[in-house]
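*Asks:* Below you'll find the structure I mean.
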Amino acid sequence: MNLQSNFDLAPVTTFHIRARARYYASYSSVRELADILAMPEVQGLPVLHMGGGSNFLFTCDYPGIVLHSAVSGITFAGGDGPEVLATAGAGERWDDFVEHACRAGYNGIENLSMIPGSVGAAAVQNIGAYGVELADRIHSVTAYDTVLAREVVLLPSELHYGYRQSLFKEPHAEGRYVVIAVTVRLTSEPAFNLAYGPLRELAALDSLTSMDVRRRVMEIRHSKLPDPDVKGQGNAGSFFKNPVVSQDKFHRLVAEWPDIPSYPLSDGEVKIPAGWLIEHAGLKGARVGGAMVYPRQCLVIVNTGDAVASDVVALSGKIQDEVLRTFGIRLHPEVIFVGD
Ligand SMILES: Cc1cc2nc3c(=O)[nH]c(=O)nc-3n(C[C@H](O)[C@H](O)[C@H](O)COP(=O)(O)OP(=O)(O)OC[C@H]3O[C@@H](n4cnc5c(N)ncnc54)[C@H](O)[C@@H]3O)c2cc1C
């Protein structure tokens, strides 16, 4: 535990865009967290939790304290049957958790391989990829409740999961809970979700393992997504959520754009890949200052090296305007803007 002031956020966020926090502290236990929150320096200041900083855009310096979880540990608890409960501390890297599970021969989260960030944020964000969402596997989340000043265990019925949505993001609960550990349900049975196009070919393999699926997912992701650790590729993943439209709206779109890709949802609505809309609105490679629409995956905005936050804000506004003008669809950011 170490309270640092005037802290540079560029190295600890994946956009690597210049911004400073008044204070920054990391903690490795609930006790340390409570001690930080009780410090006289931080009383009355805004508080923000950050894991790997891979979903944030700071548009100005942060006037409060940024807290970072370093709560560690990964354990597996099984009974007589195939089901296993796997628990990881919120400060573990999400992808390390997935790798541990695959190495141990357990199945269930392999499709979520290589998603940047921490275990704690994964439960806040309800991360998803290749047909699987964390909500599908969640058993419980252990959190520190800052109102009750004690640990609580939250069950799926209380977590209110939706598309990149959870209890933690609901206005009445925002900032109330700090995720300490996450438990997911895994299985040693060969049950895989291979519905996503490029994974389908794996169904033909004999004795498929979660590690095989993980490797394939990693290959696909390497080929499509920029690496935030590489200079000139800073980014926060999907900048916008994939929009959901009514059947009526979808039929009108298909009449004009017969190739438009779509995923039908169980309630009759239709999800459309935002990256396709951005590309077909003519924005592939579009730039404002140092911010650019990544040509291989238009859903991602990259910091080509010297972007400032206002470049990204201006480019995201331009994307929203063009997509609205072309398709009549309003895109909503997945990235969290912090600032003005
Ligand atoms: C290249 C790239 C690819 C990506 N691909 C995907 C993808 O396929 N699918 C997907 O869903 N996302 C994807 N993302 C987005 C991102 O990886 C996820 O949202 C991830 O869960 C963020 O983790 P983080 O630790 O960086 O969270 P941060 O950005 O640090 O925080 C995200 C949110 O979680 C909150 N939070 C963090 N830790 C805690 C805690 N301990 N307690 C309470 N709240 C907390 C923060 O306050 C914030 O609201 C991608 C990002 C990048 C850069």
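The values are calculated or read from the model by the stated rules, or taken from the named source; none is laboratory data. None of the values given here were measured: they were computed from a predicted structure. Virtual Cβ from ideal backbone geometry, glycine too; neighbours counted across all protein chains shown. These area figures cover heavy atoms from the full protein model, side chains too; ligands, DNA and RNA do not enter into them. Shrake-Rupley method; radii C 1.70, N 1.55, O 1.52, S 1.80 Å.
*Asks:* State the number of residues belonging to segment 124-176 that are in a helix (DSSP H, G or I) and surrounded by fewer than 16 Cβ atoms within 10 Å (Cβ to Cβ).
*Replies:* So the count comes out to 4.
*Asks:* Considering only residues that are open to solvent by 60 Å² or more (accessible area, probe 1.4 Å) and within 23 Å of R103 (Cβ to Cβ), which ones fall in segment 210-226?
*Replies:* R215, E219, H222
*Asks:* If we keep just the residues of segment 246-278 that are exposed (fewer than 11 other Cβ atoms within 10 Å of the Cβ) and within 26 Å of the chain's Cα centre (by Cα), which is modelled with the highest pLDDT?
*Replies:* Ranking the qualifying residues of segment 246-278, first place goes to G268.
*Asks:* Of all the strands (runs of 3 or more DSSP E) wholly in segment 23-122, which have at least 2 residues that are crowded, with 17+ Cβ neighbours inside 10 Å and within 15 Å of the ligand (Cβ to nearest atom)? Outline the logic, then answer.
*Replies:* Numbers: elements: 47-50, 56-58, 62-69, 74-78, 83-89.
Passing ranges, in order: 47-50, 56-58, 62-69, 83-89.
*Asks:* Also, I was wondering about something else. Count, please, the residues in segment 177-202 that happen to be open to solvent by 70 Å² or more (accessible area, probe 1.4 Å) and without any contact (Cβ under 8 Å) to a residue 40 or more places away in the chain.
*Replies:* 2
*Asks:* Which one is surrounded by the fewest Cβ atoms within 10 Å (Cβ to Cβ) among residues in segment 294-340 that are charged (D, E, K, R) and away from the ligand (no atom under 15 Å from the Cβ)?
*Replies:* Here is the first cut: in segment 294-340, the ones charged (D, E, K, R) are 296, 306, 311, 318, 321-322, 325, 330, 334, 340.
If we keep only those that are away from the ligand (no atom under 15 Å from the Cβ) as well, we get 306, 311, 318, 321-322, 325, 330, 340.
Working: D306: 12, D311: 20, K318: 17, D321: 13, E322: 17, R325: 9, R330: 11, D340: 7.
Among them, the one singled out is D340.
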